[in-house]
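Scroll down for the structure; my scribbles are underneath it.
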Amino acid sequence: MQNELPDGRAPSSPRPPPTSDDIRDQLERVVNSPEFPSVGRSAAFLTYVTGEVLSERGDRIKGYSIAVEVFKRSAAFTQDDPVVRIEAGRLRRALERYYLVAGQNDPIRIDIPKGGYVPTFVWNDGANSINPGDPSLSGPRAQGRRLMPIGAGAALMLCVVMIALMLPAYLLPALPKIPKAQSEGPTLVVAPFANLGDGPKAALYTAGLTEELLTALPRFKEIKVFGRETSTSLPSEVEASQVRDKLGARFLLAGGVRVSDDRVRITARLLDTDTNEILWSQTYDDDTKSGDLFKIQSDVANKVATAVAQPYGIMARADATHPSPDDLGVYGCTLSFYGYRAELSATRHLEVRDCLESAVARYPSFATAWAMLSIIYLDEDRYRFNSNANPAPAIERSLQAARRAVQLDPGNTRAHQALMTALFFNQEVPEALRVGEQALATNPNDTELLGEFGTRVAMSGEWERGAALLDRALALNPGGGGYYHGTRALAAYMLNDDKTSVIEIKQADLQKFPLFHGVAAVIYVNAGMMDEARREALRFNEMRPDFVPNIVAELKARNLQPGDRARLMADLRRAGLPASDEARASMLLPLPGSSVLVPR
């Protein structure tokens, strides 16, 4: 026959779906490829779910069944343990990479669509597929199913639609590229702490400390902590490589407890499972006579969690310096956010805003990204960074993003921090401080929240309390953002502590942040360092020429009290800037459509 294809089919007849043998051959091809992970449970995961579908048990594939069958969890497994979700993300990325590299010309493509764990199987030309979620495709009917052939008119219409969809990619500005990777952030396994002492007291301390750690660590939403079921299934001496291979976790927290008479010594260490490197270790000693068991356990757990899990902590710094291939993409936006907060420059602000906007477009339920975006939107207004053409005011967008973050995850510390800050700049100070107090009670060891709350308290006039909160944040996390050193310097200035104010402003060293130079100017004036004061005042005016002509409004927007505003304006005049006092400013009116002030 002239129009017959080599396999005997007519040109218009569709290709039948892959058979069970076709799929098994492809599965073997994938899992035996050097381009598919040879460590971890990806191969076992893929083999299990594929076998279930081929055995017509696709409806049985759930997170629970995978946890029990593949990861050998007990029947008490709960969704608090994220092992299946994390490993599913790794498997999706492994398959994507395989088909980009070794499997480009394979006959069949296997995928695990997001939202579930049931695989799909398609010919690599994308013509036909088996979708186990469709009941009409299960059993013998699946083998005989045929798709309706596409007629010439329908094919022409399909081409037109495809062209219409592709044109915007060439005509519109490209969105910032986010690598396809998980959004979960760094993953941590807590091994049961080893009992290094004798008797029931040591065993009690050991079990209690592990439990406290599993309570304190998950409060930090930028990380994912494997649940109690995972921890209790591990031996205390588990190797880091085993955690990497079997669970796919990037970090392992382990340690031991030794009790001798009335003394207890706790050692803790954080390991990078990729390199087996000890990233951090610490020893804690206590006297059981001076404190009760529960207080000691809670105190140590909080100190460990603060050191390793918080923003700017050990895990975040390890990821920022040597990011794992599994921690790219949306999580990279959160790392960039903290990099921006440490620098506070307009350039970094724009990069992070673009990244976060793309992140929430792809992952609209990612509460932490919404919270960070709220703060970024607010910075458009309070710092005059990268105002855009959006008709909605920056403060309105900031509030909306913060409220969405809280709605998505009511326990998210970063979401409450964002809401507190947005409310503060919306002149809702009592409500802002109430939100901050509640968030701090939930996670008192989150130094990013602690520093921001201390800043808001200080700016509202409680300089002494604000300074104490900032001191606590800086003591818990000396490597935190320079922003908090700058606010602590301003608090010292308001408290007439010249020595501390000079030390703190030098530690802040935010050269790309305009307001840093304004604060430095008044501090140096107060300390009698006039050359430094004039230099900083000049730099401030160069970076923010609009600030001094509108100084009363700028300071009121930050909720500074009248006496504090008067002092700042007087010292800026001493530093050489033409800052009017508030009484004189009240006699001035802005020109229509201008920020320039003229006499009434």
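The values are calculated or read from the model by the stated rules, or taken from the named source; none is laboratory data. None of these values were measured; they are calculated from a predicted model. Here Cβ is always computed from backbone atoms with ideal geometry, including for glycine, and neighbour counts include all displayed protein chains.
For this structure, a couple of remarks:
- Region 477-496, residues that are of a type in the set (Ser, Thr, Tyr), crowded, with 24+ Cβ neighbours inside 10 Å and under 24 Å from the mean Cα position of the chain (by Cα): Tyr484
- Test: residue in region 458-476 that is closer than 22 Å to Arg348 by Cβ, buried (at least 19 other Cβ atoms within 10 Å of the Cβ), modelled with pLDDT of 95 or more and not hydroxyl-bearing (Ser, Thr, Tyr): no
- Residue tally, condition touching a residue at least 24 places away in the same chain (Cβ under 8 Å) and in a helix (DSSP H, G or I), over region 26-51: 10
- Candidate set: region 94-139, residues that are assigned to a loop (DSSP other than H, G, I, E, B) and hydroxyl-bearing (Ser, Thr, Tyr); chosen: the one modelled with the highest pLDDT: Tyr117
- Index of the failed condition, Phe453 passing every other in (1) in contact with a Ser or Thr (Cβ under 6 Å, 6 or more places away or on another chain); (2) aromatic (Phe, Trp, Tyr); (3) within 19 Å of Phe220 (Cβ to Cβ): (1)
- Residue check for Ala305: under 28 Å from Ser336 (Cβ atoms), touching a Lys or Arg at 6+ places or on another chain (Cβ under 9 Å) and at pLDDT below 75: no
- Taken together, the residues in region 208-227 that are closer than 15 Å to Ile86 by Cα and among the small types (Gly, Ala, Ser) amount to 1.
- Within region 536-563, the set of residues being touching a residue at least 40 places away in the same chain (Cβ under 8 Å) and among the hydrophobic types (A, V, I, L, M, F, W, C) comprises Ala537, Ala557, Leu560.
- The condition (being part of a helix (DSSP H, G or I), under 23 Å from Lys556 (Cβ atoms) and modelled with pLDDT of 95 or more) is satisfied by just one residue among Arg397, Arg403: Arg397.
Every residue, every condition in (1) closer than 26 Å to Arg341 by Cα; (2) modelled with pLDDT of 95 or more; (3) among the aliphatic types (A, V, I, L, M), yes or no:
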| residue | (1), (2), (3) |
| --- | --- |
| Tyr483 | yes, no, no |
| Leu490 | yes, yes, yes |
| Gln507 | yes, no, no |
| Phe513 | yes, no, no |
| Glu532 | yes, yes, no |
| Pro549 | no, no, no |
| Ala566 | no, no, yes |
| Ala579 | no, no, yes |
| Leu589 | no, no, yes |
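- When residues of region 66-85 are limited to those that are surrounded by 17 or more Cβ atoms within 10 Å (Cβ to Cβ) and in contact with a Gly (Cβ under 6 Å, 6 or more places away or on another chain), the one modelled with the lowest pLDDT: Asp81
- Output for region 253-267, where each listed residue is in contact (Cβ under 8 Å) with a residue 40 or more places away in the chain, within 15 Å of Ala301 (Cα to Cα) and not β-branched (Val, Ile, Thr): Leu253, Ala254, Gly255, Gly256
- Within region 21-65, being within 18 Å of Lys246 (Cβ to Cβ) and loosely packed, with under 14 Cβ neighbours inside 10 Å holds for Ser38, Val39.
- Residue within region 421-439 that is within 25 Å of Thr347 (Cβ to Cβ), among the aliphatic types (A, V, I, L, M) and at pLDDT 95 or above present: yes
- When the helices (runs of 4 or more DSSP H) confined to region 424-500 are screened for residues that are in contact (Cβ under 8 Å) with a residue 40 or more places away in the chain and either assigned by TED's automatic domain parsing to the domain that holds Met529 or under 24 Å from Leu378 (Cα atoms) (or both), those reaching at least 3 such residues are found at 447-459.
- Taken together, the residues in region 497-520 that are aliphatic (A, V, I, L, M), buried (at least 24 other Cβ atoms within 10 Å of the Cβ) and over 27 Å from Leu350 (Cα atoms) amount to 0.
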